[in-house]
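Structure, as structure tokens:
The values are calculated or read from the model by the stated rules, or taken from the named source; none is laboratory data. Values in this document were obtained by computation on a predicted structure and should not be read as measured data. For neighbour counting, all protein chains shown are included, and Cβ atoms are generated from backbone atoms with ideal geometry for every residue, glycine included.
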Amino acid sequence: MGRKARPIQANKMRDITIYISKKINLMPTFCRSIMRIFNLRKSFLVFSLVGLLGNFLIVNAPNNHIYATDIPIPHVKNTAKSQLSATNIPTRYVESDGHNFAYRILGSGRPLLLIQRLRGTMDDWDPLFLERLAQKHQVIVFNNTGISSSNGKVPSTITDMAVDAEHFVKALGYEQVDILGWSLGGMVAQTMAIKYPKLIRRAILVASTPPGNPEFVPVSQGFKDVAVKENYTDEDHLKMFFADSSSSRKLGLESLQRIKKRTTDIDPPVSTDSWKTQFSAAIGWFENKENYFEKLKLVQQPVLIATGKYDIALPIQNSYVLERETSNAQLMIYPDSAHGFHHQFPIQFGDAVNNFLAQE
């Protein structure tokens, strides 16, 4: 991936950390924690330079060196005059193998397929995040089999969800795509990267976990209590996807308001039977019946793994394991955020994704 990573001395990184903290107004305790880590002989550090548009550092730095990638810091352009809008793009349909898939396309360029979380529909992506990605890519969002406006019965396994997603991609005529999967969608994305190496060029795994993870840190009870409710309130949304801080909650509310701006051509909610089948499939993911955990090391495509530091759905430790077990993987961790960090920082993470995908 580009040129060889170069070492940065710890004292230099200490200066950078202080500078970044001022830019993004992080709590001082975060900065002190970063500097304490630099004094360790061997650290496992990944954090997002959120205020500098999503460029990031890589883990496992020996001898007090932090290794930085050669991905350039993205340049923010003024998008005030942009005609892109994720809130009014029409829903289309394509048939494959007896399934009628609902989908939407935004932007142009190399295709980027987004795979949604448990109980999520096309409407549940933050429009600002989609629009940022669409500045560089043809962004494709869809409802997989049996979800919302797509017909059929939800597959009972993650593998079958991946098979259906592959059928959808082929039905659109693509020979190769990049993929981004969130949570449950990240499980599907991992499976696609393993099963379809020629179809998947690069993969981004957002707040996900590896299959059959022997070190799995489970979902918190607080998340479970909310996740199984028939209907979500705004407060439920904040609790599940954002950190328990005033700054994270504020940005979470802003994201939620952006999501609510779509007022026509709206997806119906995911039925109870459908999301319960999804939930059962996610549980089956940990049985590792197809040895996907071992196959992660065989994945040759570049993989970007990202999560929020305070994720209560799939805690951060699961992303550590996913990065460790996946060959050619990088890990980003966003501070003061949780399971929906990409909606909290749509510009910053969108730019980080665009930079990652820009590499050949």
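Count of segment 161-173 residues, restricted to those that are free of Cβ contacts under 8 Å to residues at least 60 places away in the same chain and assigned to a helix (DSSP H, G or I), is 5. Out of 53, 118, one residue alone is at pLDDT 95 or above and either closer than 22 Å to residue 182 by Cα or of a type in the set (Ser, Thr, Tyr) (or both). It is 118. For segment 174-200, residues that are outside any loop (DSSP other than H, G, I, E, B) and crowded, with 19+ Cβ neighbours inside 10 Å total 18. Could you give every pair whose Cβ atoms fall below 7 Å, whose first residue belongs to segment 285-298 and is modelled with pLDDT of 95 or more, and whose second residue is among the acidic types (Asp, Glu), counting only separations of at least 6 or pairs across chains? Partner pairs satisfying both residue conditions: 293/325; 296/325; 297/325. Just one of (1) among the polar types (S, T, N, Q); (2) at pLDDT 95 or above; (3) surrounded by fewer than 24 Cβ atoms within 10 Å (Cβ to Cβ) fails for residue 327. It is (2). The set of residues in segment 125-157 that are of a type in the set (A, V, I, L, M, F, W, C), crowded, with 23+ Cβ neighbours inside 10 Å and assigned to a helix (DSSP H, G or I) comprises 129, 130, 133, 134.
Can you say whether residue 352 is of a type in the set (A, V, I, L, M, F, W, C), crowded, with 17+ Cβ neighbours inside 10 Å and touching a residue at least 24 places away in the same chain (Cβ under 8 Å), as far as the supplied structure shows? So residue 352 fits the description; yes.
Is there a residue in segment 89-97 that is at pLDDT below 95, out of contact with any His (no Cβ under 8 Å at 6 or more places or on another chain) and in the same structural domain as residue 349 (by TED's automatic domain parsing)? Checked against the condition, which is being at pLDDT below 95, out of contact with any His (no Cβ under 8 Å at 6 or more places or on another chain) and in the same structural domain as residue 349 (by TED's automatic domain parsing), segment 89-97 yields no hits at all. Just one of the listed residues (110, 92, 104) is of a type outside the set (A, V, I, L, M) and surrounded by 17 or more Cβ atoms within 10 Å (Cβ to Cβ), and it is 104. Filtered by the rule that a residue be in contact with a strand residue (DSSP E or B) (Cβ under 9 Å, 6 or more places away or on another chain) and either more than 13 Å from residue 209 (Cα to Cα) or buried (at least 21 other Cβ atoms within 10 Å of the Cβ) (or both), segment 303-317 gives 303, 304, 305, 306, 307, 308, 309, 314, 315. Exactly one residue out of 175, 166, 215 is among the charged types (D, E, K, R) and touching a Phe, Trp or Tyr at 6+ places or on another chain (Cβ under 7 Å): that is 166. The set of residues from segment 312-329 being touching a helix residue (DSSP H, G or I) at 6+ places or on another chain (Cβ under 8 Å) and more than 12 Å from residue 205 (Cα to Cα) comprises 312, 313, 325, 327.
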